[in-house]
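As structure tokens, the structure follows; a few thoughts come after it.
Read-outs: derived from the displayed coordinates by stated rules, not from any lab. Fair warning: this is a prediction, and the values are worked out from it, not measured in the lab. With ideal geometry, Cβ positions are generated from the backbone for all residues, glycine too; neighbour counts draw on all protein chains shown.
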Amino acid sequence: MILIKTNAEVELIRESALLVSSTLAELATLLKPGITTAMLDKHAEEYILDNKAVPSFKNYHGYPFATCISVNDAVVHGFPNNNELKEGDLVSIDVGVYKNGYHGDSAYTFGLAPVLEMHQLLMSVTKASLYLGLEKAIAGNRVGDISFAIQDFTERKHHFGVVRELVGHGLGKQLHEDPQVPNYGKKGAGPKLRDNMVIAIEPMTNLGTRDVIYDTDGWTVRTKDGKFSAHYEHDVCVKRGRVDILSSFENIELNEKNNTLLFSNY
Ligand code: MF3
Ligand code: CO
């Protein structure tokens, strides 16, 4: 069942989504070679708790951390660990917060400079595909219009792999609500998008094969061929004739640009 939110609920989801965004922006100031993903996770958890919220992911189906941090060939759901990050790493950070009864959920892939040109392209194509999908998140369209826009750009235009096993989703009182929002599909197919539906769109793009494998930890999803992957996620409220993105990359991108140890294309 796809829930339609009231305007008041949308504003509460926006508040949670923007707290996720500011958490990611905070992490952007700390990212550098030598820092561990466990340290990033600890900072994120403290920041979230300081802002009167709780991390959505912790204990979600037994997930043991506040954040998912997926490095290089890890696609999503990476466990924060004590390995030091190094130059050339792609670090995908996924954060969820629960505040005032509603979840926010957003992800961003950072590159530790210098980043190989093919990885820079992987990052820009993945982020651009997210915005192409978001453009279709307007009332009257269907979920498949979002899915097609992402897949067409990523696979047909750029020949990167669109991950099939994991999808975007509705968002609200629950972290994962209906509908599922795949990053591949057909124009005009799937559920109709209606005013005040809230969804998370999250393309996961692989440099090589779209196929993935599960790590022995039971959570971490990795590319089958070991090539790198990128992941960006925004929350959006469906409206008539316009796109209302609830999360924001603005401060993340600003901090990314100001951190000379990070790759930035701004
Ligand atoms: N953003 C992720 C998603 O929507 C959330 C991670 S799931 C968790 O699937 F289990 F790690 F919490
Ligand atoms: Co999500």
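List of remarks:
- Rg/Rh for the stretch 19-58 (Cα atoms only, Rh after Kirkwood) is 0.96.
- Calculated translational diffusion coefficient of the stretch 53-165 (4 °C, 1.567 mPa s; Stokes-Einstein with Kirkwood radius over alpha-carbon pairs) equals 82 µm²/s.
- For the options 100, 72, 59, a Gaussian network treatment of the chain with springs between C-alpha atoms closer than 10 Å singles out 59 as fluctuating the most.
- Computed on the stretch 44-118, the Cα convex hull volume stands at 101 Å³ per residue.
- Computed extension gain for residue 3 through residue 217, at 0.36 nm per residue and net of the alpha carbon distance, reaches 73.7 nm.
- Residue-wise HN-Hα coupling along the stretch 221-230, computed from phi with Karplus coefficients 6.51, -1.76, 1.60 (Hz; x: Gly, Pro): 9, 10, 5, 5, 8, x, 6, 6, 9, 10
- In Å, descending, principal axis extents of the Cα set of the stretch 130-266: 40, 35, 33
- Contact order normalised by residue count of the stretch 7-263, Cα under 8 Å, 6+ apart, percent: 24
- Placing unit charges on the Cβ atoms only, positive for Lys and Arg and negative for Asp and Glu, gives the chain a dipole magnitude near 860 debye about its Cα centre.
- Separation of alpha-carbon centers, the stretch 102-168 and the stretch 1-47, rounded to whole Å: 19
- Under the membrane-span-like helix rule (DSSP H runs whose alpha carbons stretch at least 24 Å along the helix axis, mean Kyte-Doolittle hydropathy -0.5 or higher), the chain yields 7-30, 117-135.
- Cα Rg over Rh - the stretch 92-143, Kirkwood: 1.11
- Inter-label distance for residue 209 and residue 157, nm, one decimal - labels placed 7 Å from Cα along Cα-to-Cβ: 2.7
- Equivalent ellipsoid dimensions for the chain as semi-axes, Å, which come from the Cα gyration tensor, largest first: 26, 22, 17
- Highest-fluctuation residue, 28, 107, 189 considered, GNM on the chain with Cα pairs under 10 Å: 189
- Value of Rg to Rh for the stretch 219-266, rounded to two decimals, is 1.11; Kirkwood radius and Rg both from alpha-carbon coordinates.
- Cα lying deepest toward the dipole's positive end in the stretch 95-171, options 125, 113, 102, charges on Cβ: 102
- Other residues with beta-carbon under 12 Å from the beta-carbon of residue 201 carry, at +1 per Lys or Arg and -1 per Asp or Glu, a net charge of -4.
- In nm, spacing of pseudo-spin labels at residue 266 and residue 178 (7 Å Cα→C-beta vector): 3.8
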